[in-house]
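Before any comments, here is the structure.
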Amino acid sequence: MNKSEQLLQIFREVLEKDSIDETVSQSNSEAWDSIHHLNLILAIEGGFNISLEPEEMEKMVDFATALKIVEGK
């Protein structure tokens with residue numbers, strides 16, 4: 001599984017929606033609230049064994065940005 005597929009799986013599990021794809025963002029997903037955002041951060045850090053900076057956490061408002069940040073680690 002590549003990073004994109006792994007990240008997408010994390011989004012689906014945390015947001016509890018199998019229909020989530022690469023277009024998911026805070027603005028188009030009702031499930032992505034502040035609590036789920038924190039859970040996403042924790043799941044991403046754990047899933048990829050990385051540590052995210054506060055400014056990176058703030059920038060993660062959609063799948064594409066999250067993937068860029070993860071790939072940069």
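The values are calculated or read from the model by the stated rules, or taken from the named source; none is laboratory data. Please read all numbers here as calculations on a predicted model, not as lab measurements. As a convention, Cβ positions derive from the backbone with ideal geometry for all residues, glycine included, and neighbour counts pool all protein chains shown. Side chains included, ligands, DNA and RNA excluded: accessible areas come from the protein's heavy atoms. Shrake-Rupley method; radii C 1.70, N 1.55, O 1.52, S 1.80 Å.
Please sort by residue number the GluC sites (Glu not before Pro) in the chain whose DSSP state is loop and whose Cβ has at most 11 other Cβ atoms within 10 Å.
Glu16, Glu30
Mind listing P(r) for the chain? All alpha-carbon pairs, 10 Å bins, whole percents.
20, 64, 16
Tell me which lysines have Cα within less than 16 Å of Lys59's Cα, excluding those fewer than 8 residues away on the same chain?
The qualifying lysines are Lys68, Lys73.
Counting Lys and Arg as +1 and Asp and Glu as -1, each charge on the Cβ, what is the dipole of the chain about the Cα centre in debye, to the nearest 20?
160
Considering the chain as a Gaussian network with a 10 Å cut-off on Cα pairs, which listed residue, Ile35, Ile20, Ile44, attains the greatest mean-square fluctuation?
Looking only at Ile35, Ile20, Ile44, the biggest GNM fluctuation is shown by Ile35.
If Lys and Arg each add +1 and Asp and Glu each add -1, what is the summed charge of the other residues whose beta carbon sits under 14 Å from the beta carbon of Leu38?
Around Leu38, the surrounding residues sum to -4.
Taking only DSSP H segments of four or more residues, each worth -39500 (n - 2.57), what value at 222 nm results for the chain once the sum is divided by all its residues, to the nearest 500 deg cm²/dmol?
Taken over the chain, the calculation gives -17500 deg cm²/dmol.
What residue among Ser27, Ser19, Ser51 has the largest mean-square fluctuation in a Gaussian network model of the chain, using Cα springs under 10 Å?
In this elastic network of the chain, the residue with the biggest mean-square fluctuation among Ser27, Ser19, Ser51 is Ser19.
Could you tally the net charge around Glu5, taking each other residue with its Cβ under 15 Å from the Cβ of Glu5, Lys/Arg +1 and Asp/Glu -1?
My count for the surroundings of Glu5 gives -3.
How high is the relative contact order of the chain, given as a whole-number percent (alpha carbon pairs under 8 Å, six or more residues apart)?
37
Per the 1.4 Å probe, what fraction of the accessible area of the chain, in percent, lies on carbon and sulfur atoms?
On the chain, the fraction of accessible area on carbon and sulfur atoms equals 48 percent.
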